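Here is the structure we will look at.
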Amino acid sequence: MNLFPYCTFLALFLFVAAPTLAETSQIDADAVRSCYAETPPKTPRPSCMGQAANLCQTERPEGSTVISTTEIAGCIMAEAAVWSTLATQVYEALHTHLEAKADEHAVSQTTAFENSQRAWVSFRDAECELWLELHKRGSIRPISVADCHLVHAAQRALVLRDMFEQYR
């Protein structure tokens, strides 16, 4: 099966529409950062994950009760963007820590860490593409893809945080 049209749609949505949706969606980034900080080690899916996106969806302008799938996806992507920033920050901190060791063992650790991150990005993209394919005929499509990115970004941020705490 040729997935090129779906990959193109996913790329356009995630790299064109989603950042715009995320920027216009109002989420409480501090709530996301608190969720990250307060989540116990080795917790793969904290109950606080998604709460900022949910709140974004319920806080409507006065008199407005209808929310579109595009708005829902925007709220979810806005929270995913905060988790992604947290993951990037802890990735960079751990990478710097590994490089600072400056010995042969650290070089192989740094290389393995970089390879792991590249593999994770490939897995995340394939997993979210699967959700895109599974919902190719439904209006839930943007929401399911946004949720996939939220879950993966949050989980990666927490895994990297735990790894950094263990090895620093």
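Output the peptides 111-118, 150-157 sorted from most to least packed, where packing is the average of other Cβ atoms within 10 Å over each peptide's residues. If you can, show how the numbers build up before the last one.
Working: 111-118: 12.9, 150-157: 22.9.
Going by the mean number of other Cβ atoms within 10 Å, highest first, we get 150-157, 111-118.
So what's the net charge close to ARG168: Lys and Arg +1, Asp and Glu -1, counting the other residues with Cβ under 12 Å from its Cβ?
0
Taking every pair of distinct Cα atoms and averaging 1/r, then inverting, what Kirkwood hydrodynamic radius in Å comes out for the range 31-168?
One over the average 1/r among Cα pairs gives 16.4 Å for the range 31-168.
For the range 92-168, compute the orientation-averaged projected area of the C-alpha convex hull (one quarter of its surface), in nm².
Working: hull surface 20.6 nm².
With the hull built on Cα positions only, its mean projection is 5.2 nm².
Probe of 1.4 angstrom, ligands and nucleic acids ignored: what's the accessible area per residue over the range 34-143, in square angstrom?
59 Å²
The values are calculated or read from the model by the stated rules, or taken from the named source; none is laboratory data. No experiment lies behind these values; they were computed from the predicted model shown. All Cβ positions, glycine included, derive from the backbone under ideal geometry; neighbour counts span all protein chains shown. Surface accessibility is based on the protein's heavy atoms, side chains included, excluding ligands, DNA and RNA. Shrake-Rupley method; radii C 1.70, N 1.55, O 1.52, S 1.80 Å.
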